[in-house]
Amino acid sequence: MTQPRKAEYDIAPIFTNRWSPRAFTGAAVDDETLYALFEAARWAPSANNAQPWRFIYARKDSASWPAVFGLLNENNQRWAANASVLIVLLSARTHVRPGSSEPSPLVSHSLDAGAAWASLAFQAYYAGLSAHAIGGFDRAKARIVLNVPEGYQVEVAIAVGKRADSSVLPRDLQEREWPTQRRPVNAFVAEGRFAFEDPGERG
Ligand SMILES: Cc1cc2nc3c(=O)[nH]c(=O)nc-3n(C[C@H](O)[C@H](O)[C@H](O)COP(=O)(O)O)c2cc1C
């Protein structure tokens, strides 16, 4: 077991209490609760208020589940099989500004979709659920299977469900079923100019 999460500064507890478990019960999530997750995402900020996020969801045991579940890599399928809902987050690469007829490219469509994902994850925690982002899935296949047009980027998959006891997991995943820690604030915040230890990109 790892140490409990401890904030260095005074923040709302939801920021340290939210984490990404892999053990889920598979219990159905009702429509009101599920759509409240998308409602939270709806209010995320975005450049030009373009709201480039798009969510495609599949409930466990529904007709749409096998196609979405089949996108996940094997390691993620081992635990996400017990999620209640799988979501694929897309972002629109262009946006037509009000009063214009020409779509303009969005440079921040992924950033904005990330803000929407975070809102969804915090709402899930608020509703007594957990959301776990999944980058390990076949994005090219998602484009085909989910009928995603070229102008949209396939960003991330998200498993949502009610947390279960870690004993439902394969043993190697049970050992990782704890909230992770974070680097200290001063490792990623600098005043005035770049002053970080990371090697970054050498140029
Ligand atoms: C974009 C993204 C992709 C991720 N991909 C995976 C994944 O493929 N499999 C997995 O088990 N966890 C995945 N995670 C979960 C992260 O490992 C996890 O969020 C991170 O370790 C921080 O832990 P916490 O969410 O529990 O605070 C992903 C998270 C993000 C944001």
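The values are calculated or read from the model by the stated rules, or taken from the named source; none is laboratory data. Please read all numbers here as calculations on a predicted model, not as lab measurements. Don't worry about glycine lacking a Cβ; one is built from the backbone with ideal geometry, like all the others, and counts go over all protein chains shown. Accessible surface areas use protein heavy atoms only, side chains included; no ligands, DNA or RNA. Shrake-Rupley method; radii C 1.70, N 1.55, O 1.52, S 1.80 Å.
If you put +1 on each Lys and Arg Cβ and -1 on each Asp and Glu Cβ, how big is the dipole of the chain around its Cα centre, in Debye rounded to 20?
Rounded to the nearest 20 debye, it is 180 debye.
Which residues' amide hydrogens lie under 5 Å from the amide hydrogen of Gly161, considering only partners 5 or more residues apart or on another chain, with H built in the peptide plane?
Here Ser84, Ser130 satisfy the definition.
If the reach is capped at under 26 angstrom between alpha carbons, list the lysines near Lys60, excluding any in the same chain fewer than eight residues apart.
Lys141, Lys162
For Glu177, what charge total do you get from the other residues with a beta carbon under 11 Å from its beta carbon, if Lys and Arg give +1 and Asp and Glu give -1?
Spelling it out: positives minus negatives among the neighbours equals +1.
List the chymotrypsin sites (Phe, Trp or Tyr not before Pro) within segment 1-32 that DSSP assigns to loop and that have no more than 14 neighbouring Cβ atoms inside 10 Å.
Taking segment 1-32 and a limit of 14 other Cβ atoms within 10 Å, the loop chymotrypsin sites (Phe, Trp or Tyr not before Pro) found are Tyr9.
What accessible area per residue comes out for segment 1-127, rounded to a whole number of Å², with a 1.4 Å probe?
Dividing the accessible area of segment 1-127 by its residue count gives 56 Å².
Taking the convex hull of the Cα atoms, report for the chain its projected area averaged over all directions, in nm².
15.0
Dividing the Cα convex hull volume of segment 41-142 by residue count, how many Å³ per residue is that?
Normalising the Cα hull of segment 41-142 by residue number yields 120 Å³.
Suppose we flag GluC sites (Glu not before Pro) only when DSSP calls them loop and at most 15 other Cβ atoms lie within 10 Å. Which is the longest uninterrupted stretch of the chain?
The segment 9-149 is the longest one with no such site.
Suppose a student asked you for the relative contact order of segment 63-178, using Cα pairs under 8 Å spaced at least 6 residues apart; what percent would you report?
Answer for segment 63-178 is 36 percent.
How big is the accessible area of Thr180 in square angstrom, nearest 10, if you roll a 1.4 angstrom probe over the protein chains?
Counting only protein heavy atoms, Thr180 exposes about 80 Å² to solvent.
Report ³J(HN,Hα) in whole Hz for each residue of segment 149-154, in order, from the Karplus equation J = 6.51 cos²θ - 1.76 cosθ + 1.60 where θ = phi - 60°; Gly and Pro get x.
x, 3, x, 10, 9, 7
Rounded to the nearest percent, how much of the accessible area of segment 14-168 (1.4 Å probe, protein heavy atoms only) is carbon and sulfur?
After summing per-atom areas, the C and S share lands at 53 percent.
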